[in-house]
Ligand SMILES: CC(C)(COP(=O)(O)OP(=O)(O)OC[C@H]1O[C@@H](n2cnc3c(N)ncnc32)[C@H](O)[C@@H]1OP(=O)(O)O)[C@@H](O)C(=O)NCCC(=O)NCCS
């Protein structure tokens, strides 16, 4: 049963970098990205990732199911009263309910780590998988972001 899958979240480690880079450069992921649709070079990613591991306002988790790295989730909280979530499922494990399980697990964790924080996601219009995913976890679309083609989704 999908609902009973035990997805574990652990802090990302330097040795996760290569997998995260590969998933980040998956064509579907690039199309959904806010920063750029272009491929991210390894050196750029590695610099960003190693800096991110030291950044106290950012937390990256690796999601593991039965020993497989099935995806990642990132929390960014520069404003402290809200947390921005960003999720990427290992392309091999997409469309099998892992995104739903991971996001629900992550929201529960966030609820404990940051009670009362506004949870936020920026989603590209037309990214149906992501819209359905966040809607099923209780997020609501609020308004279009300054960058055309993207919308903010929130959950309290
Ligand atoms: C968005 C993403 C995280 C979804 O993960 P997933 O494991 O494939 O999602 P699930 O299998 O749990 O499905 C979630 C919902 O999306 C739907 N869905 C999944 N893939 C879909 C697709 N390609 N097109 C339309 N709907 C899709 C599922 O049917 C399900 O909807 P339902 O609950 O109404 O049945 C994954 O596709 C991904 O990593 N995409 C690239 C990165 C990205 O877009 N991140 C989001 C920006 S924050």
Please compute the contact order of the range 74-156 in relative form: average sequence separation of alpha-carbon pairs under 8 Å and at least six residues apart, divided by the residue count, as a percent.
28 percent
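With r defined as the distance between the Cβ atoms of residue 56 and residue 142 and R0 fixed at 25 Å, what FRET efficiency is calculated, to the nearest 0.05? Intermediate values should be presented prior to the final figure.
On the way: r = 27 Å, r/R0 = 1.10.
In this case the efficiency is close to 0.35.
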Can you tell me how much longer the chain between residue 22 and residue 108 gets when fully stretched, taken as 0.36 nm per residue apart minus their C-alpha distance, in nm with one decimal?
28.2 nm
Could you work out the helix-only [θ] at 222 nm for the chain, with each DSSP H run of four or more residues adding -39,500 (n - 2.57) and the total divided by the number of residues, to the nearest 500 deg cm²/dmol?
-10000 deg cm²/dmol
Mind ranking 58-66, 100-108, 15-23 by how tightly packed they are, going by the mean number of other C-beta atoms within 10 angstrom, highest first?
100-108, 58-66, 15-23
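By its C-alpha gyration tensor, with a ≥ b ≥ c as the square roots of the eigenvalues, how is the range 36-94 shaped: rounded for a/c under 1.5, else prolate for a/b larger than b/c, else oblate?
Working: a/c = 1.73, a/b = 1.20, b/c = 1.44.
Oblate, because a/c is 1.5 or more while a/b does not exceed b/c.
Relative contact order for the range 2-155: what is it in percent, counting Cα pairs under 8 Å that are at least 6 residues apart?
Working: 220 pairs, mean separation 29.2, N = 154.
It rounds to 19 percent for the range 2-155.
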Name the shape class, rounded, prolate or oblate, that the alpha-carbon gyration tensor gives for the range 31-70, where a ≥ b ≥ c are the square roots of its eigenvalues, rounded holds for a/c under 1.5, and otherwise prolate holds if a/b is larger than b/c and oblate otherwise.
oblate
According to the square roots a ≥ b ≥ c of the eigenvalues of the Cα gyration tensor, what is the shape class of the chain, taking rounded for a/c under 1.5, prolate for a/b larger than b/c otherwise, and oblate for the remainder?
rounded
Given a Förster distance of 22 Å, report the FRET efficiency between residue 94 and residue 42 from their Cβ-Cβ distance, rounded to the nearest 0.05.
0.45
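Every number here is computed from the coordinates shown, using simple stated rules; none is lab data. Note that the structure is predicted; figures quoted are calculated from it, not measured. Note that we place each Cβ from the backbone using ideal geometry, even for glycine, and neighbour counts take in every protein chain shown.
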